[in-house]
Amino acid sequence: MKLTLIQPCLGRRPGEPYIRSWQMEPLAPAALAARTPRDVEVRFYDDRMESIPFDEPTDLAAITVETYTARRAYQIATEFRRRGVPVVMGGFHATLLPEEVARHAETVVLGEAEEVWPRLIEDFRGGRMEALYRGGGRPSLEGVRPDRSLFAGKRYLPVGLIEASRGCRASCEFCSIQTFFERSQTWRPPAEVAEEIRGQSRPLWFFVDDNITGDPQRTRELCEALLPLGIRWVGQAGIEAAGDPELLRLLVRSGCQGLLVGLESLDPENLRQMTKGAAGDGRGYAQALGTFRAAGIRLYGTFVFGYDADRPESFEGALSFARKQRFYLAAFNHLTPFPGTPLYERLEGEGRLLFKRWWLDPDYRYGMLPFAPAGMSAEAVRDACIRARRRFFGWPSILRRGLDFQVNSRTPFMGLNFLAINALMRREVLQRADLPLGDGSFRGPLLTVDGGEE
């Protein structure tokens, strides 16, 4: 049996190469490869960096689908279906919208695939593959280790992606993670995480966990396992971790160089509407962030705009705050309603969606707001986000933040990376603006499983 695994790209303008700046090893196909029987011949193609050889003989194609890559995933499925190759789809979007995805795949996998994947492969071999596979509850992560041999010969960034846990217990209105994982978090045994890292030479590891400090006791156990390895790593954490300075110091001792912290807004009304439940304004945030800095943790602060209390001055306030806090990096993003989230349902109920299915609409472009904000126009929010990014990643701002030798440039390694990453972010401010979702050169309708066209 021959199996082809595909990682779709976001989108591609006709005649132009894909934007390749942040391409890192995708864990999802590597996790599937690890659970595939050894006698199955597995090939992997990353649509972000190489052409997919659709005419290469294969028995089954498996595609990981996210909302932003759904249109491209359906294009890829169409190409395989034209050649008589059945398609399996899974991932966040497949779980959030199984009926839509089922129109483009013979089989849909809901939720985490590790437990059902071997059965799916055996069912396919026996000619009895089902239309839907659903894992029962949250599977154990014990023994879960991606097969990184898939990545041999591919030009990924040298940053190693790894996970210690999956999910998040928070209930943020806009977040699809809470829907997918049902506000729960599961953890791998720390010794297995350390064993995966041991022996691999990487300048930096990125823990892709949605909240690496979501369970402080588990985090402590992970840090203890990492201590002997002498690695550098970054991850994502909730701001509530600032309430445990001892834990922050342990993070640094284990090799933590920085954390992405989702602040989202400085407006208490916005935070309440998000059900964020964090520090209520800039003053509360400043105190918490000071605790991270005191521990020596560099910060990537993120903001999201488009909530009902946002006005033009909200952007200036967030930009000023990010500069004052000397963030290593910052994101000024517009709000995006993902299907299956409470936000999407609320905006749909209020009649504020500008596209029925923005992720498939040919008129939608990356960077557009697919809904009507309450206090500003969609275009005004988009333009204000771009201006904030331009100013934060302007050279005067980069130099001021780079001269922060207390944290940002405390070590030569992170100081040099600060300049390189901020220069790259500066270049990318407009690079993806108005990018079409899907391959703009794709021609013809999307073929559906029932023989129809879209």
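Things to note:
- Top-ranked residue in the range 402-447 [being among the charged types (D, E, K, R) and under 29 Å from TYR68 (Cβ atoms); ranked as farthest from the chain's Cα centre (by Cα)]: ARG443
Condition check ((1) of a type in the set (S, T, N, Q); (2) at pLDDT 95 or above; (3) surrounded by 22 or more Cβ atoms within 10 Å (Cβ to Cβ)) across all residues:
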residue: GLN273; (1), (2), (3): yes, no, no
residue: ALA279; (1), (2), (3): no, no, no
residue: GLY282; (1), (2), (3): no, no, no
residue: ALA286; (1), (2), (3): no, no, no
residue: ALA294; (1), (2), (3): no, yes, no
residue: PHE305; (1), (2), (3): no, yes, yes
residue: ALA309; (1), (2), (3): no, yes, no
residue: ALA318; (1), (2), (3): no, yes, yes
residue: ALA322; (1), (2), (3): no, yes, yes
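- GLN178 touching a Gly at 6+ places or on another chain (Cβ under 9 Å) and polar (S, T, N, Q): yes
- Whichever residue in the range 10-69 is of a type in the set (Lys, Arg) and in contact with a Phe, Trp or Tyr (Cβ under 7 Å, 6 or more places away or on another chain) and, among such residues, is nearest to PRO362 (Cα to Cα): ARG12
- Residue list for the range 406-425, restricted to those being open to solvent by 70 Å² or more (accessible area, probe 1.4 Å) and farther than 19 Å from PRO203 by Cα: GLN406
- Number of the exception - PRO362 against (1) at pLDDT 95 or above; (2) more than 30 Å from PHE181 (Cβ to Cβ); (3) out of contact with any Ser or Thr (no Cβ under 9 Å at 6 or more places or on another chain): (1)
- Only residues that are in contact with a helix residue (DSSP H, G or I) (Cβ under 6 Å, 6 or more places away or on another chain) and either open to solvent by 20 Å² or more (accessible area, probe 1.4 Å) or within 30 Å of LEU399 (Cβ to Cβ) (or both) were counted across the range 426-438, and they come to 1.
- Within the range 376-405, the set of residues being part of a loop (DSSP other than H, G, I, E, B) and open to solvent by 30 Å² or more (accessible area, probe 1.4 Å) comprises SER377, LEU403, PHE405.
- If you go through the range 51-78 and keep only what is charged (D, E, K, R) and more than 16 Å from VAL109 (Cβ to Cβ), you end up with ASP55, GLU56, ASP59, ARG71, ARG72.
- Selection status of GLU240, touching a helix residue (DSSP H, G or I) at 6+ places or on another chain (Cβ under 9 Å) and at pLDDT below 95: yes
- Residue that is surrounded by the most Cβ atoms within 10 Å (Cβ to Cβ) [pool: residues in the range 125-156 that are of a type outside the set (Ser, Thr, Tyr) and not in a loop (DSSP other than H, G, I, E, B)]: LEU150
- Test: residue in the range 346-354 that is at pLDDT 95 or above, assigned to a loop (DSSP other than H, G, I, E, B), surrounded by 13 or more Cβ atoms within 10 Å (Cβ to Cβ) and in contact with a strand residue (DSSP E or B) (Cβ under 9 Å, 6 or more places away or on another chain): yes
- Matching entry among ALA331, ALA241 (being surrounded by 23 or more Cβ atoms within 10 Å (Cβ to Cβ) and closer than 24 Å to PHE405 by Cα): ALA241
The values are calculated or read from the model by the stated rules, or taken from the named source; none is laboratory data. These figures come from a predicted structure and were not determined experimentally. Ideal geometry is used to build each Cβ from the backbone, glycine not excepted, and the neighbour counts take in all protein chains shown. Accessible surface areas use protein heavy atoms only, side chains included; no ligands, DNA or RNA. Shrake-Rupley method; radii C 1.70, N 1.55, O 1.52, S 1.80 Å.
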